[in-house]
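For reference, the structure discussed in these notes is given below.
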Amino acid sequence: MKFLINYLKGVAVGLATLVPGVSGGTMAIIFGIYDDLLHSIGFFFKDWKKHTLFLLQVGLGGLTGLVVFSSLLKSAVETFPFEMRFLFIGIICGGIPVLYNRAGEGKKDIKGWIFLLIGLVIVMIMPADEATTAALATTPGIESMIFLFIAGIVMAIALILPGISGSYMLLILGLYDVTLGAIENRSIPFLIPLALGVLVGTLATTRLIEGLLKKYPSIAYMLILGFVAGSIKPVFEQVGFPTGYSIISSIVTFVLGFMLIRWISKKDVEA
């Protein structure tokens, strides 16, 4: 039963990773597996059997979420752009109280609010336009492999750090559409260097991030909270205000997304 629960949580994290503006790390916090993921990766060899089992459970779920839902999500976003974006915004807003409570584990002071503002500003000033780098990534050769490897490292940091969307970083790098297509079409030459970059980036930064979250919880989570709040802007800008009947349906999906995450986070607290 525990395997199934961790597997389904991994599916949700993998699905969240596909959505620009929605952080897989934040979803891991909401589902109560973030700390365990960091510890299992950062201290893998201290109890490799236990950590392998846990990472396998969540990892298989994450891979399922990426592979199975990439095509479905792409179709849903194209068919229902307003409803899906406002669902994402509802999910983001629903996770904000979770992060604020995490920040409450340390003493909140003016430094925490300053870091919240810093995180908010950083995300809001990030450009979200597609770049011409997609051509470099899809052209066979060593340059493409190196570029995708570096992109994977950047994405890994975004995946580990809650509040920063890995897909949003791909969007900034101009690789979101081609990466989604590569996952859908199982393009191995594209995915292998990207995945290797994610692996190296994850192993290189996990213990550092875990240490910062433990030593400076209030400041770290307030910074992350700023990232999360700022990520609402790029998601909203992709469609703007809905019109006609889409206004009602968008409000409904926003409420559904918000209430779903609040319900899940409360269940994890009770557990």
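A few remarks follow.
- Flag if residue 127 is at pLDDT below 70, within 20 Å of residue 208 (Cβ to Cβ) and of a type outside the set (A, V, I, L, M): no
- Residue 29 satisfies every condition listed in (1) free of Cβ contacts under 8 Å to residues at least 60 places away in the same chain; (2) farther than 18 Å from residue 198 by Cα; (3) crowded, with 22+ Cβ neighbours inside 10 Å except (1).
- Members of the range 190-212 that are at pLDDT below 85 and under 15 Å from residue 149 (Cα atoms): 202, 203, 204
- Per the listing 7, 100, the residue uniquely surrounded by fewer than 22 Cβ atoms within 10 Å (Cβ to Cβ), touching a helix residue (DSSP H, G or I) at 6+ places or on another chain (Cβ under 7 Å) and modelled with pLDDT of 85 or more is 7.
- Residues that are part of a helix (DSSP H, G or I), among the hydrophobic types (A, V, I, L, M, F, W, C) and either exposed (fewer than 13 other Cβ atoms within 10 Å of the Cβ) or at pLDDT below 80 (or both) within the range 130-153 comprise 134, 135, 136, 137, 142, listed in sequence order.
- Filter result for residue 215 (out of contact with any helix residue (DSSP H, G or I) (no Cβ under 9 Å at 6 or more places or on another chain) and modelled with pLDDT of 80 or more): yes
- Considering 78, 83, the condition of being without any contact (Cβ under 8 Å) to a residue 24 or more places away in the chain, out of contact with any Pro (no Cβ under 7 Å at 6 or more places or on another chain) and part of a helix (DSSP H, G or I) is satisfied by 78 alone.
- Within the range 188-218, the set of residues being of a type in the set (Val, Ile, Thr) and crowded, with 17+ Cβ neighbours inside 10 Å comprises 198, 202, 205, 206, 209.
- Candidates 89, 41 - the one that is at pLDDT 80 or above and more than 30 Å from residue 1 (Cβ to Cβ): 89
- The range 55-106, subset in contact with a Ser or Thr (Cβ under 6 Å, 6 or more places away or on another chain) and not hydrophobic (A, V, I, L, M, F, W, C), residue farthest from residue 176 (Cα to Cα): 106
- Residues within the range 178-204 that are in a helix (DSSP H, G or I) and closer than 15 Å to residue 63 by Cα, tallied: 14
- Among residues of the range 179-196 that are over 20 Å from residue 157 (Cα atoms), those with a beta-carbon under 6 Å from a residue that is surrounded by fewer than 15 Cβ atoms within 10 Å (Cβ to Cβ) at least six positions away or on a different chain give the pairs 184/71.
- Between 168, 245, 176, the distinction of being among the hydroxyl-bearing types (Ser, Thr, Tyr), over 27 Å from residue 42 (Cβ atoms) and modelled with pLDDT under 80 belongs to 176 only.
The values are calculated or read from the model by the stated rules, or taken from the named source; none is laboratory data. None of the values given here were measured: they were computed from a predicted structure. For neighbour counting, all protein chains shown are included, and Cβ atoms are generated from backbone atoms with ideal geometry for every residue, glycine included.
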